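Accompanying notes for the structure given below.
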Amino acid sequence: MYDHLKIEWSKVYEFACSLEHATAPEVTEALAGFLNHPSTCPRGNTIPDEHGVFAPLKGRVISELKPGESATVLAVSATDTEVLKYLQDKNILPGQELKFIEAAPFQGPLTVSVNGKEVALGLSLVDYVIVK
């Protein structure tokens, strides 16, 4: 949907989930074949094979970075469209390079730099962003 139909990144999960539950397995298998059986979704998460087997992601959440450390976004595990829209608007997407700036004290937000712009991420968001 994202690559071929150009549907907005933040909405793909919601639409794909609806399509999955309303479509016969033959159709979803045909779509997977048409797309060359992708191993990851647009959010960067692994897609199980026809036997339900998938390789776990080898990354860590942003909050495990140290100030000054750079990383690449590997995946976003959030499924809520509003969370995905916020991350999309801040360009926190799979493949994007970011730099951890600081963690505010007393459970304050984490600040990262993306394309030279500082972005504050509340603690409820940081565990959704997996980096490598």
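The values are calculated or read from the model by the stated rules, or taken from the named source; none is laboratory data. Not measured: the values here are computed from a predicted model. All Cβ positions, even for glycine, are placed from backbone atoms using ideal geometry, and neighbour counts span all protein chains on display.
Descriptive notes on the structure:
- Where a residue in the stretch 51-68 is closer than 30 Å to GLN107 by Cβ and its partner, wherever it lies, is aromatic (Phe, Trp, Tyr) and in a loop (DSSP other than H, G, I, E, B), with Cβ under 9 Å and at least six apart: VAL61/TYR128; ILE62/TYR128
A quick yes/no check of all residues on (1) of a type outside the set (Asp, Glu); (2) surrounded by 12 or more Cβ atoms within 10 Å (Cβ to Cβ); (3) at pLDDT 90 or above; (4) touching a His at 6+ places or on another chain (Cβ under 9 Å):
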| site | (1), (2), (3), (4) |
| --- | --- |
| CYS41 | yes, yes, no, no |
| ASP49 | no, yes, no, yes |
| LYS58 | yes, no, yes, no |
| VAL76 | yes, yes, yes, no |
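- Among the residues of the stretch 105-130, the ones that are touching a residue at least 40 places away in the same chain (Cβ under 8 Å) and surrounded by fewer than 19 Cβ atoms within 10 Å (Cβ to Cβ) come to 3 in all.
This table checks each residue for (1) in a strand (DSSP E or B); (2) in contact with a helix residue (DSSP H, G or I) (Cβ under 7 Å, 6 or more places away or on another chain); (3) of a type in the set (A, V, I, L, M); (4) over 25 Å from THR40 (Cα atoms).
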residue	(1), (2), (3), (4)
GLU82	no, no, no, no
ILE92	no, no, yes, no
PHE106	no, no, no, yes
THR111	yes, no, no, yes
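- Number of positions in the stretch 35-91 that are over 14 Å from LEU121 (Cα atoms), of a type in the set (A, V, I, L, M, F, W, C) and in contact with a Ser or Thr (Cβ under 7 Å, 6 or more places away or on another chain): 4
- Which numbered condition SER70 misses (of (1) at pLDDT below 85; (2) within 21 Å of GLY95 (Cβ to Cβ); (3) loosely packed, with under 14 Cβ neighbours inside 10 Å; (4) not β-branched (Val, Ile, Thr)): (1)
- Residue satisfying all of: in the stretch 94-104; in a loop (DSSP other than H, G, I, E, B) and modelled with pLDDT of 95 or more; surrounded by the most Cβ atoms within 10 Å (Cβ to Cβ) among these: PRO94
- Note on the stretch 1-28: among residues that are in a helix (DSSP H, G or I) and exposed (fewer than 13 other Cβ atoms within 10 Å of the Cβ), the one that is farthest from the chain's Cα centre (by Cα) is GLU26.
- Members of the stretch 51-80 found to be more than 30 Å from THR28 (Cα to Cα), hydrophobic (A, V, I, L, M, F, W, C) and either in a loop (DSSP other than H, G, I, E, B) or in contact with a Cys (Cβ under 6 Å, 6 or more places away or on another chain) (or both), listed by number: LEU65
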